[in-house]
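The values are calculated or read from the model by the stated rules, or taken from the named source; none is laboratory data. These numbers were taken from a predicted model, which means no experiment stands behind them. FYI the Cβ positions are ideal-geometry reconstructions off the backbone, even for glycines, and counts take in every protein chain you see. Heavy atoms of the whole protein, side chains included, go into the accessibility calculation; ligands, DNA and RNA do not. Shrake-Rupley method; radii C 1.70, N 1.55, O 1.52, S 1.80 Å.
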Amino acid sequence: MRVELDGVSKRYGETTALESASITVEDGEFFTLVGPSGCGKTTTLRLLAGFEEPTEGAIRFDGESVAGTPPEDRSVGLVFQSYALFPHMSVAENVAYGLNFADPPDGVSTDERVVELLELVGLSGFDDRDPSELSGGQQQRVALARALAPGPDLLLLDEPMSALDARLRQRLRRELREIQRNLEITTVYVTHDQAEALAVSDRLAVLSDGTVEQTGEPTRLY
Ligand code: ADP
Ligand code: ADP
């Protein structure tokens with residue numbers, strides 16, 4: 001799915017979180033928003049997810065405005081910094097929860113879909129574990145499986161690895177890119193880490209103080 005922000009601003013009272021941002025993410029692209037804390041990255045993801053509406057400007061998915069479309073009708077999957085798995089549910093139940101608001105793709109059953117997804121993220125056989133029994137990296141893989149469960153057209157990742165150590169981050173980053181390429185899913189990734197942004201992205205936008213400073217391929221920036 002192609003994603004466009006066209007002159008999007010978001011204000012909270014006196015605060016301008018995002019100012020006239022224009023960004024296009026091509027179908028199947030891994031696109032990163034990078035910049036320091038407070039520059040508007042999370043706001044952009046929340047606007048794409050439909051948790052907020054822009055104060056100005058338009059957001060289009062495949063050329064169609066999504067103004068007023070609620071999150072559950074936007075075909076987006078989300079992974080946040082904190083894994084936010086449900087502690088009282090098993091790994092399989094956590095992944096299946098991703099199907100609470102949408103049917104599995106391709107007419108498969110929920111159980112079949114959970115098996116597929118755990119295989120995809122390298123956690124086959126972990127179905128009955130509790131989240132507390134998993135490492136941080138494994139918990140984040142479960143969160144990814146849950147986000148991908150309904151077969152979304154857009155994946156939104158907000159600092160998904162910031163709680164992990166550097167070596168593990170690098171490994172998970174490679175795994176994430178491999179999964180993303182195989183699924184050909186349009187992905188918007190948020191990080192404050194420039195090295196990570198340069199290593200992982202097809203293209204990226206550098207944000208500063210709510211404004212898009214540069215957009216381009218990693219090799220063409222800096
Ligand atoms: P980042 O994700 O890059 O750290 P954010 O998008 O969270 O930045 O925030 C951008 C700016 O908007 C910050 O100044 C932040 O304080 C402000 N902001 C974000 N959300 C709200 C909100 N709900 N109410 C008021 N100000 C907000
Ligand atoms: P992390 O999940 O933090 O990246 P590892 O991948 O090293 O950490 O996994 C932690 C433990 O889980 C290791 O002992 C490893 O053998 C086990 N493990 C990881 N992935 C699988 C898997 N797909 N099947 C079985 N065991 C696994």
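Scattering from region 87-135 was approximated by placing one identical point on each alpha carbon and applying the Debye formula without solvent; log10 I(q)/I(0) at 0.16, 0.21, 0.23, 0.28 1/Å stands at -0.42, -0.70, -0.82, -1.10.
Scalar couplings 3J(HN,Hα) for region 187-195, obtained by applying the Karplus form with A = 6.51, B = -1.76, C = 1.60 to θ = phi - 60°, are 9, 10, 10, 10, 8, 9, 9, 5, 4 Hz; x denotes Gly and Pro.
Share of Cα-Cα pairs in region 95-181 beyond 17 Å, in percent? All intermediate terms of the calculation are to be shown ahead of the outcome.
On the way: 1767 of 3741 pairs.
Of the Cα pairs, 47 percent sit more than 17 Å apart.
The simple spin-label model puts a point 7 Å past each Cα toward its Cβ; for Q214 and R171 those points are separated by 3.3 nm. About the centre of its Cα atoms, the chain shows a dipole size close to 660 debye [charges on the beta carbon of Lys, Arg (+1) and Asp, Glu (-1) only; nearest 20 debye]. Normalising the average separation of contacting C-alpha pairs (under 8 angstrom, six or more residues apart) by the number of residues puts the relative contact order of region 13-70 at 27 percent.
With the helix formula -39500 (n - 2.57) applied to DSSP H stretches of n ≥ 4, the chain reaches a computed 222 nm mean residue ellipticity of -9000 deg cm²/dmol. Over region 86-147, accessible surface divided per residue gives 51 Å², non-protein components excluded, 1.4 Å probe. Within the chain, all pairs of alpha-carbon atoms sorted by distance into 5 Å bins from zero give the percentages 1, 7, 15, 19, 20, 16, 12, 7, 3, 0, 0.
Of the accessible area of region 68-137, with the probe set at 1.4 angstrom, what percent is carbon plus sulfur?
On the way: 1890 of 3890 Å².
Exposed carbon and sulfur together represent 49 percent of the surface.
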